[in-house]
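The block underneath contains the structure these notes are about, expressed in structure tokens.
A short reminder: the numbers here are calculations on the coordinates, not readings from a lab. From a predicted model like this one, the values you see are computed outputs, not experimental measurements. Cβ atoms come from the backbone with ideal geometry, glycine included; neighbour counts cover every protein chain shown.
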Amino acid sequence: MKRTILAVALAAAATQAHAQAADTPSAEAAQGVIAFEPAYFSDARPNTAMDMVKRLPGFTFDAGDSVRGFAGAAGNVLIDGERPASKRDRLDDLLTRIPASQVERIELIRGGAPGVDMQGQTVLANVIRKKGAGARGLIALGTQYYPDGRVTPALRLEGSRTWDGKRLEGSLLAYTNVDDDAGEGPRVRYGPGGAEIERAWRDETAGADGARLKGGFQTPLAGGKLSANATLEYDSWGWSMDEARTLPSPQLALSSQDNDQINGELGLQYDHALGPRTELQTVLIQQLRDSAYLLHQTAPGDVRFTEDARAGESIARGVVRFRKSDALSFEWGAEAAFNFLDSTVAMTVGGAPVDLGDENVRVEELRGEGFLSSAWKPGKTLTVEAGARVEVSKISQTSYGGAESSFVYPKPRLVASWSPDDRNQLRLRVEREVGQLDFGDFVSSLSASTGVTSAGARELAPEQSWTYEAAYERRFWKDGAAVLTLRHQAIEDVVDRVPVAIGDGVAPEPDEVFDAAGNLGDGTSDQVQVSLTLPLERLAVKGGLLKAAATWSWSSVSDPTTGEDRRISDQPPLTGELHFTQDLPLHKLNWGIDAYLAKEFTSFNVNEVRTIELGAWYTAFVEYRLRPNLSLRLEAQNLDSRDYRTIRRVYDCAADVCPTGARAGGALSYVADQDLDFDPFVYFRVRRTFGG
């Protein structure tokens, strides 16, 4: 049904490809930059810049990646032509703190433009704020109500002031929430022949409370502009599980998890003109994180797993931008980053310690990158961006006797966009991309839901790929857009799960084979993406808008346990979302429905194949604007009681017989099927703004 809706929507766009000239987009579209003034969004009565960005035709918001370094973490929205000098402050949170009344316009940059740092993206939105002095504030109260009686309130306070070219802003968020990955439902285990050998009812409850304090200051300084920001976050997450087994015999299982985490960040950015066409930008960022984790199983038996960790990142980045003309610009610079993780883990069963291979781990990475790029617009219809980066890194870790690896990766990039008219654009991209290692992969872990222990990685190299991408964008009617993207990746050193044998150090055969992160060799990944912005005025839905996006994925890699080709672990075959909104300005409200399609993840561990089936999530909402500065929002979340189903096919084989894992030749031991439901709930919010 969900795929049918998407297909019908795309067909509607195609049949209207020859709309009348009166609906032609602005002539700027042919230049690759389209400006959207506040009047474009007026019927929707947006509260924030984020509300406006979501409505841009042909644009899909990307908050960026949580990776080390600064350049690779960029999202696809700029604020006043710049990327904020922060990694902890999420892009969607930043946009939510900008009131719609303070937005002068939003520029949609398609395919690149001279003088614009595209952040590695092919499409960017640039939110331009109004100039001038003034003060503003906001208070918002929100609460979620659950059928089991739980209530999770949240409070947001914001304030800002601008004067004489300076800007001071701050925000506080205090929250409680419920983790929707936890629920209740049956857990059933089947034998190799399909007979039911175990049955239990599991009830999981999880949630968190915490606070986020953020502040920023911007001021002219020594002929340039200095921006400073600071973030302090505290989060306390807890999970509990009660399981009543009825087959083969009654038994009670009790487990809990607790994770407390503190994050802090300081960021500085200085922009200074070196000449009429040259600018220097310097960025400094320091992050620190402390966390304490406890998993405690109290029945049956007593099992404890703990991890205390401290991590940090220091970043220094400098970039020079030179705009030779309106058609040609250059950018060059360098970035250096130092990252570390100190982790101590311990596990006991019945009070007796368990050997996890290496319980004390320190991982360090020193990385540097130099880059040079140029954007050239040889004519009105063609834009070319070419560049190269060279990354040099050294990673050391102390687990399993310690190891140190050094890497050098050249990363060329070429992007071209061709706009033959104001309705059509073709974008091509060829780039060598290098992934980042997850420091947590070097640390042993224990799964609370399955009881499976994973070992820390012994040797690990970053994943590299050559990416080839083509995108075609078609604009139709006044505000409609459809985008088709094809992407192929030729991957080296695929990071997945590999077998790690751990013995007692005496016998030549391993005592047990564990999972760990490792490199599998070469692989491929292919994706087809479609996105659609479909105004529904012509389909008799006045003020209606449908936005849809879907991605189909295929991949192939050689399995280290069986030697057979298979999909890369945890890559979903299909992801998609649909968003319908209708603006009713005469009634001062808008309403809509959001749908996130069901998706599936399969991981290929050495002793089992685990599949997670995540059901669809549906939300209906209505927002009413009592006054320009006061709004109410009501949401009905998770209307279809989303399922969270886990299917494990577990194999059995002695480590000395199957040294690469039980799946290599062992017999199927059992199939475990767990299906948890999460109930619908209601969210209500009151939002009040003050000042301009």
On the formula 1/(1 + (r/R0)^6), with r taken between the Cβ atoms of GLU459 and ASP258 and R0 of 30 Å, the FRET efficiency rounded to 0.05 is 0.40
Cα coordinate range in the range 587-648, projected on the principal axes (Å, largest first): 60, 20, 12
The convex hull of the Cα atoms of the chain, divided by residue count, gives a volume in Å³ per residue of 162
Name the long-range amide H neighbours of LYS54: under 5 Å, sequence gap of 5 or more, or other chain; modelled H, no Pro or chain starts. none
Spatial extent of the range 336-479: Rg and Dmax, with the Cα atoms as the point set, Å: 23.0, 74
Assuming 1.002 mPa s and 20 °C, estimate D for the range 531-594 with Stokes-Einstein, Rh taken as the Kirkwood radius over Cα pairs, in µm²/s. 144
Is the range 598-692 rounded, prolate or oblate when judged by the Cα gyration tensor, a ≥ b ≥ c being the square roots of its eigenvalues, rounded requiring a/c under 1.5 and prolate requiring a/b larger than b/c? prolate
Hey, any idea what Rg/Rh is for the range 483-626, computing Rh the Kirkwood way over Cα pairs? 1.22
GluC sites (Glu not before Pro), restricted to the range 554-625: which are DSSP loop and have at most 12 other Cβ atoms within 10 Å? GLU564
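For the range 266-421, what does the equivalent ellipsoid look like in terms of its semi-axes, each the square root of 5 times an eigenvalue of the Cα gyration tensor, given largest first in whole Å?
48, 18, 16
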Output the pairs from LYS166/LYS225; LYS131/LYS225; LYS87/LYS214; LYS225/LYS324 with a Cα-Cα distance over 18 Å in this structure; if there are none, say none. LYS225/LYS324
When 1/r is averaged over all different Cα pairs and the result inverted, which Kirkwood radius in Å belongs to the range 71-153? 15.3
Using a Förster distance of 45 Å, how high is the FRET efficiency between PHE407 and LYS130, based on the Cβ-Cβ distance and rounded to 0.05? 0.50
Assign unit charges at the C-beta atoms only (+1 for Lys and Arg, -1 for Asp and Glu), then state the dipole size of the range 326-427 relative to its Cα centre in Debye, rounded to the nearest 20. 580
Enter the Cα centre distance for the pair the range 568-584 and the range 520-552, rounded to the nearest angstrom. 8
Rounded to whole Hz, the Karplus (6.51, -1.76, 1.60) HN-Hα couplings of the range 544-551, x for glycine and proline: x, 8, 10, 10, 9, 8, 8, 9
Amide H of VAL443 versus every other amide H placed in the peptide plane: which residues, excluding those fewer than 5 positions away on the same chain, fall under 5 Å? ALA457
How much length is gained if the chain between SER641 and PHE684 is pulled fully straight, taking 0.36 nm per residue apart and subtracting their Cα-Cα distance, in nm to one decimal? 13.6 nm
Would you mind counting up the charge near TYR670? Only other residues with Cβ under 15 Å from its Cβ, with Lys and Arg at +1 and Asp and Glu at -1. +3
At 20 °C and 1.002 mPa s, grab the translational diffusion coefficient of the range 91-220 from Stokes-Einstein with a Kirkwood Rh over Cα pairs, rounded to a whole number in µm² per second. 109
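Give me SER669, SER419 ranked fewest to most by other Cβ atoms within 10 Å of their Cβ, as a rough exposure proxy.
In increasing order of surrounding Cβ atoms, one gets SER669, SER419.
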Potential extension, VAL528-SER447 segment - 0.36 nm per residue separation minus Cα distance: 25.8 nm
Using the Karplus curve 6.51 cos²θ - 1.76 cosθ + 1.60 with θ = phi - 60°, what ³J(HN,Hα) values do you get for each residue of the range 458-466, in whole Hz, with x for Gly and Pro? 9, 9, 8, 10, x, 6, 10, 8, 9
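What is the sum of charges around VAL606, taking Lys and Arg as +1, Asp and Glu as -1, for the other residues whose C-beta is under 9 Å from the C-beta of VAL606?
On the way: positive: ARG497, ARG663; negative: ASP515, GLU608.
For residues surrounding VAL606, the net value is 0.
Based solely on its DSSP helices, what 222 nm [θ] is calculated for the chain when runs of n ≥ 4 H residues each add -39,500 (n - 2.57) and the sum is averaged over all residues, nearest 500 deg cm²/dmol?
-1000 deg cm²/dmol
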Under the 7 Å Cα-to-Cβ spin-label approximation, THR381 and ASN424 lie apart by a distance in nanometres of 0.9
In degrees from 0 to 90, rounded to the nearest 10, what is the angle of the helix 2-15 Cα long axis to the longest principal axis of the chain? 20
